[in-house]
Amino acid sequence: MVNTAETRPKRGASKATAAERAPTPAAAGRKRLDAREREQQILEGATEFFARRGLEAQMRELAAELGIAHTLLYHYFPTKRQLIERVYEETIAGRWDTRWEALLDDPQRPVADKLQAFYREYLPAILTPEWLRILVHSGLSDGLIPNRYFALVRERLFPRLLREVRRAAGSRSKAKASAREEGLLMAFHGGLIYHLGIWPLVYQQGYTGQGDAALTDSFIADRIRGLLLQAPEIITQVASARA
């Protein structure tokens, strides 16, 4: 379990040594930053640090890597949890583009075309080593970031995917997703993330066609075709069971 309650050291608990107070060579050569620039520097450094070291790494270690006093780090982020939540906002939630909602909500555009356009933009926006590794690290510890991410997905993406898949299958149902419908969507969405993201960026295993934009488009299209071919049977059976 990650100790996200790590807070500013208590006054008088210990005195910093001369070596701790002295600026590092990196810090000495760094220009003076205003508050906004410094906060952004910390966020960018924390993202790379937690992706590489895991969320159990300590704030003092992060400060040392950034070349700043740990007291300055606590000035901007008094607790580790606050910093991790800001990392989430910057690296995960902040990458969601509301244009995608308008794209998926367009009633004039064919379903397969909308899904292809969405995933062509969405996957490159999220599938970075930092994004995936922080997600996995948090999932193996406190679950904070996966819980926040999947709440976003369940609110903004899955209802739209369900509506579009039902539309393609000839259904206008607005009922809550059945277990089978939810499983269908999760297998589709998760399959793309696993193939194009987790496999190469977390497991560090290459795949044939990696880096080829045309092939990536084909992989997405193949998944969409599979989804839309399978959906009518599941949706029909679910509708019959509810009748």
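The values are calculated or read from the model by the stated rules, or taken from the named source; none is laboratory data. On a predicted model such as this, the values are computed, not experimentally measured, just so you know. Positions of Cβ are backbone-derived with ideal geometry, glycine not excepted, and every protein chain shown enters the neighbour counts.
Applying the condition of being exposed (fewer than 15 other Cβ atoms within 10 Å of the Cβ), among the acidic types (Asp, Glu) and in contact with a helix residue (DSSP H, G or I) (Cβ under 8 Å, 6 or more places away or on another chain) to the stretch 57-111 and asking which residue is farthest from Leu33 (Cα to Cα) yields Asp106.
Cβ separations smaller than 6 Å between residues 6+ apart or across chains give the following pairs from the stretch 60-72 residues that are farther than 14 Å from Phe50 by Cα and in the same structural domain as Ala35 (by TED's automatic domain parsing) to residues that are part of a helix (DSSP H, G or I) and of a type in the set (Gly, Ala, Ser): Gly67/Ala26; Gly67/Ala27; His70/Ala63. Do we have any residue at all in the stretch 220-239 that's without any contact (Cβ under 8 Å) to a residue 12 or more places away in the chain and not in a helix (DSSP H, G or I)? Scanning the stretch 220-239, I find no residue that is without any contact (Cβ under 8 Å) to a residue 12 or more places away in the chain and not in a helix (DSSP H, G or I), so the answer is no. Screening Gly67 against (1) modelled with pLDDT under 90; (2) on the phi > 0 side of the Ramachandran plot leaves a single unmet condition, (1). Residues in the stretch 34-57 that are part of a helix (DSSP H, G or I) and farther than 20 Å from Thr128 by Cα: Ala35, Arg36, Glu37, Arg38, Glu39.
Against the definition (exposed (fewer than 15 other Cβ atoms within 10 Å of the Cβ), polar (S, T, N, Q) and modelled with pLDDT of 90 or more), how does Gln116 come out, yes or no? In short, no.
Selection over the stretch 71-101 of residues that are part of a helix (DSSP H, G or I), at pLDDT 90 or above and touching a Lys or Arg at 6+ places or on another chain (Cβ under 6 Å) gives a count of 1.
Consider Arg166 carefully, then state whether it is part of a helix (DSSP H, G or I) and without any contact (Cβ under 8 Å) to a residue 24 or more places away in the chain. So Arg166 does not fit the description; no. Among the residues of this structure, Gly206 does not count as one that is out of contact with any helix residue (DSSP H, G or I) (no Cβ under 8 Å at 6 or more places or on another chain) and surrounded by fewer than 19 Cβ atoms within 10 Å (Cβ to Cβ).
The residue that is nearest to Ala169 (Cα to Cα), counting only those in the stretch 100-144 that are small (Gly, Ala, Ser) and touching a residue at least 40 places away in the same chain (Cβ under 8 Å), is Ala112.
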